[in-house]
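Worksheet: one structure, shown below.
The values are calculated or read from the model by the stated rules, or taken from the named source; none is laboratory data. If you're wondering where the values come from, they're calculated on a predicted model, not measured in any experiment. When we count neighbours, we look across all protein chains shown, and the Cβ atoms used for this are built from the backbone with ideal geometry, even at glycine. The area values use the complete protein model at the heavy-atom level, side chains included, leaving out ligands, DNA and RNA. Shrake-Rupley method; radii C 1.70, N 1.55, O 1.52, S 1.80 Å.
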Amino acid sequence: MNLSILRARLGKKAERKITVPLPPLFHEGDEGDGAEEPPCIVVPLSAAEDSEVLAFAAEYARSNKAEPKEGDPLYDLGIMAKTIALAVRDIDSPPEARTPFFDGGTDQIFELLPRETIVYLFELCQIWQDACSPSVRRLSVEQLVGHITELAEAEDDGPFVRLSPATRSICMRILARLQVLSLGDKSLPTSLTERVGSVWSPRS
């Protein structure tokens, strides 16, 4: 089955709405009109698209005289840019034939976006990829406590970097809610209390 047809059948279940923080637009004689954040959607990538991402990253690294391997800055940048080019789609395009938000592909992404924005969009793509994955995507309380304990005891960023983007998001959200609990004198809403003490998913 064609992936675009499958995505269309899944509808909003296969799409997440996000915004893209674009750089400020400056005009001669003024101070600019501020940064834009146009809406778009992110979709999970297929295995074939993942292969396309890896192939592009390897070629991008080689063309810049870098090593085509994970951990090389240029290779990793190629991974991020190509993932964004494929996964971020125009929200106004037909659901059965979503078109790229960056219609100029990776060249447009490199030209338009600073590295920080590329990293940010890539993280959103990865979180949604994890959320749509058929693999185990829920953390038990015990697993969550284990991750947080390891982060607390670590002397470097290794344990944090090794976590998937979705797991990082879950841990940070839980820690934020626990912080709210510790600061507040009043009881929190039931829905929040239940989430702190239950199982979490990247979709929640």
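Tabulated values for the structure
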{"read-out": "Pairs with Cβ under 9 Å, 6+ apart, first in region 35-49 and of a type in the set (A, V, I, L, M), second surrounded by fewer than 16 Cβ atoms within 10 Å (Cβ to Cβ) and assigned to a strand (DSSP E or B)", "value": "ILE41/LYS17; VAL42/LYS17"}
{"read-out": "When residues of region 176-204 are limited to those that are among the aliphatic types (A, V, I, L, M), in contact with a Leu (Cβ under 9 Å, 6 or more places away or on another chain) and open to solvent by 60 Å² or more (accessible area, probe 1.4 Å), the one modelled with the lowest pLDDT", "value": "VAL199"}
{"read-out": "Residue match in region 55-63 (condition: part of a helix (DSSP H, G or I), surrounded by 14 or more Cβ atoms within 10 Å (Cβ to Cβ), polar (S, T, N, Q) and out of contact with any Gly (no Cβ under 7 Å at 6 or more places or on another chain))", "value": "no"}
{"read-out": "When residues of region 78-103 are limited to those that are over 13 Å from VAL42 (Cβ atoms), of a type in the set (Gly, Ala, Ser) and modelled with pLDDT of 95 or more, the one farthest from the chain's Cα centre (by Cα)", "value": "GLY78"}
{"read-out": "Hits in region 64-77 (condition: open to solvent by 80 Å² or more (accessible area, probe 1.4 Å), under 14 Å from PHE110 (Cβ atoms) and in a loop (DSSP other than H, G, I, E, B))", "value": "none"}
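Residue-wise test of (1) among the aliphatic types (A, V, I, L, M); (2) open to solvent by 50 Å² or more (accessible area, probe 1.4 Å); (3) in a loop (DSSP other than H, G, I, E, B); (4) modelled with pLDDT of 75 or more.
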{"site": "ILE118", "(1), (2), (3), (4)": "yes, no, no, yes"}
{"site": "CYS125", "(1), (2), (3), (4)": "no, no, no, yes"}
{"site": "GLU142", "(1), (2), (3), (4)": "no, yes, no, yes"}
{"site": "ILE148", "(1), (2), (3), (4)": "yes, no, no, yes"}
{"site": "ARG168", "(1), (2), (3), (4)": "no, no, no, no"}
